[in-house]
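Notes follow once the structure below has been shown.
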Amino acid sequence: MSDARHRDDLQEPAWLRVVLIALAVLAMLALVVLPLLMVLGAAFGKGFGAWLESLTQADAVSALKLTLFTVAIVVPVNAIFGTFMAWAVTRFEFRGKQLLLSLIDLPFAVSPVVAGLCLVLLFGSHGWFAELLREYDIKILFARPGIVLATLFITFPFVVRELIPLMQQQGADEELAARSLGAGGWTMFRRVTLPNIKWGLLYGVLLCSARAMGEFGAVSVVSGHIRGLTNTLPLHIEILYNEFDSTGAFAAASLLAGLALITLILKFWLESRHGDALAKSHRRH
């Protein structure tokens, strides 16, 4: 009885809850749903044929391929290195650990444009590695390697920052038990650690994928905007919009929004699975 009374005391008035919920719903409709519907309306305003024609043009296909190519490289790299970095941070104590945690968050604090300019200072024609790159005829900027590097930097924290709290909550008891039973490091990771973090890892991979597909700032600096070669889908949309090709721009934007929507649906599904995994982990410990 007393617990129920305390919970009632903590409840806000009904009218205030209704007002706050209504404001939140209105904000989501105005800032998310309405713009998305307007993009779809503009994309299909001239019919499905015009939409399909815009997306099957050579530049649009090239931009989509480059976007998916970048995601196909960035996501596995971030998943692998993010997992091992989270394992190192949560399982070992070493000097510079707090500095490493701060560096992990650096892409969140630095503007993507600044990140792109840093790559220009490193790999540009007058950069630190300019002579070495010229000697071996390696091209980083205004080519695919620069786009991949820029996207890697921007998306790196998503996987590791998803896994660190999860692995801290789970603790190391099961891993210590596996080691005491004679399991090697790789066997312990594959059979104990990885099954415990798999939903969190997939959740981080989805966030990383969504960010990689939509990255604009850093990629814009290092790509060179070469049509058919170094334009990703967001850059392709910007070029079409600046050329007043609204049908093509909104068609490409609708495709990017569709990819984001698929990612969002998968995110909601994994969130529920991830929550169940966390609850089971808490009950075990």
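Output the peptides 116-125, 38-47, 19-28 sorted from most to least packed, where packing is the average of other Cβ atoms within 10 Å over each peptide's residues.
Working: 116-125: 17.0, 38-47: 14.9, 19-28: 10.5.
Ranked by mean Cβ neighbours within 10 Å, highest first: 116-125, 38-47, 19-28.
Dividing the convex hull volume of the alpha carbon atoms of segment 46-171 by its residue count, what do you get in Å³ per residue? Spell out each step's value before the answer.
On the way: hull volume 22.0 nm³, N = 126.
Enclosed volume per residue, from the Cα hull, is 175 Å³.
Keeping to pairs on different chains or 8 or more places apart, tell me how many lysine pairs in the chain have Cα atoms under 28 Å apart.
Here the count comes out as 7.
Go through [x] 41, 34, 13; [y] 30, 22, 19; [z] 38, 32, 17 and flag the label whose value is the computed semi-axes √(5λ) of the Cα gyration tensor in Å for this structure.
[z]
If each of residue 243 and residue 31 carries a label point 7 Å out from its Cα toward its Cβ, how far apart are those two points in nm?
Going from the residue 243 label point to the residue 31 one covers 3.4 nm.
Values quoted throughout were computed directly from the atomic coordinates according to the rules given, and no laboratory measurement underlies them. Since the model is a prediction, treat every value here as computed from it, not as a measurement. Don't worry about glycine lacking a Cβ; one is built from the backbone with ideal geometry, like all the others, and counts go over all protein chains shown.
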